[in-house]
1. If the elastic network links every pair of Cα atoms under 10 Å, which of Asp187, Asp404, Asp266 fluctuates the most in the Gaussian network model of the chain?
2. Taking other Cβ within 10 Å of each residue's Cβ, how do Arg241, Arg410 sort, fewest first?
3. Please go through the range 243-315 and write out the trypsin sites (Lys or Arg not before Pro) that DSSP classes as loop and that have at most 15 other C-beta atoms within 10 Å.
4. Are there any GluC sites (Glu not before Pro) in the range 160-217 that are in a DSSP loop and have at most 11 other Cβ atoms within 10 Å? List them by number.
5. Compute the relative contact order of the chain as a whole-number percentage, counting only Cα pairs closer than 8 Å that sit 6 or more residues apart in sequence.
6. Using the number of other C-beta atoms within 10 angstrom as an exposure proxy, rank Cys207, Cys225 with the fewest first.
7. Can you give me the long-range amide H partners of Leu291? Hydrogens built in the peptide plane at 1.01 Å from N, cutoff under 5 Å, separation of 5 or more residues or another chain.
8. Looking at the range 316-422, which chymotrypsin sites (Phe, Trp or Tyr not before Pro) are DSSP coil and have at most 15 other C-beta atoms within 10 Å of their C-beta?
Amino acid sequence: MLDLSNLNKIKIDLNEGTVWVQAGATLGQLYYAIAKKSNVHGFPGGVCFSIGTGGIISGGGIGTLMRKFGLAADNVVDARVIDVNGKILNKNKMKEDLFWAIRGGGGASFGVILAWKLKLVRVPDKVTVFTVYKRLQGNQNLLKKWENIAHQLPDKLLIRVIIQNDGTENEKYVEIIFQSLYLGPVDELIPLLKEKFPEFDLEKKDCFQEPVVDCSNRPCIKKECRESSWIGSVLYFYGRRTNESLEVLLEKSIPTQKNYFKATSDFVKTPIPESGWEMVKRLFLEEERPLMIMEPLGGILDKISESEIPFPHRKGNLYNIQYLVNWGDNSESISSQKIAWMRKLYKKMEPYVAKSPRSAYLNYRDLDFGTNSEDYSYSKAKIWGEKYFRGNFERLAKVKSEVDPKNFFRNEQSIPPYHTDS
């Protein structure tokens, strides 16, 4: 294992509209550097700014700007990589197939990513973020509506859904949270929401006052809205205030206590029926801290071929799901219970998600799908490899055979060299 955290230099060229970022820099450091240079430039990375750029970009890079500008990996224009022979290669020196493979195929299978050259994107000086909280019970039709149209909304608007438990010990319920980024001012967003999602009951005044929490009737009404800069939206999606100091982007969080989690993922091609959501509700109420995060696709993602880079989950997918369960006590009995619950939910979701194969997102890696055997068998690796890469897995393995035939760069779910097992 290599510690690249000190490789964190960032060089921005606004005239060219690009940035070189070393692979040890975090997303927070990248976002901070961009915001210090310009309030009308951004980058379509993820929402967790403590994650390293080397990993998230090489796995694809889902984020709040993806419907407008694509994934992080869609915006890579060059890279510096150490190959198995110790040579430092850039785009011009590496083979075209290697440059293709590292943008979404998991760079650690092919070499050591030293740095990325990224295309910056133009963002408006004013964007709008909002969050609306609803109970799942009684709002299945609203959730179904989101499933049907969120991927078809204008590409300037992303509305993701978070499902979690809330309430008290005596009255626990499942909550659905609609959280959004609109690339434009409040005055543009409100008419669009009144047309598409009047159920949110969001007014312009909500965006210029403290969050609304009205419990005069049950269930409580909870909503909040803010107009900000793009960098303010980055802070917002990480659970910070839009006007908070940008220095928080540079923080390297040190947890005060250990936290454990199990995660996995799916992609959804057809809306989930009410019976499916009833099942989710029942299972969530069995667990203390479950979470589902669902992010709509569509927009420019529908216009990019599934073989353009290794990330194949494009047109035909409505949204992706990240499943999470967290716990603080790592005793064997508690850990086994939490992992068993997650596996149960994943199994129960099978009828409702993408099939042949059931798909998954590489950056939410799940070793339950399978791991490399001692012989690094290509045919065995296909079982999990095609979940992440679908039809691109074979090409990735052939690239591996060219650039690292002896499989020096390997891990539990690295790409094995291509061969037909006899």
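1. Highest fluctuation among the options: Asp187.
2. Numbers: Arg241 12, Arg410 17.
Sorted ascending by nearby Cβ count, the order is Arg241, Arg410.
3. Here the sparse-neighbourhood loop sites are Lys252, Lys258, Lys269, Lys315.
4. In loop regions of the range 160-217 (DSSP not H, G, I, E or B), the sparsely surrounded GluC sites (Glu not before Pro) are Glu169, Glu171.
5. 17 percent
6. Fewest-to-most ranking of Cys207, Cys225: Cys207, Cys225.
7. Leu324
8. The qualifying sites are Phe408.
Quick note: the coordinates plus some simple rules give every number you see, no bench work behind them. Since we're looking at a predicted model, the values are computed, not measured. Backbone-built Cβ (ideal geometry, glycine too); neighbour counts: all protein chains shown.
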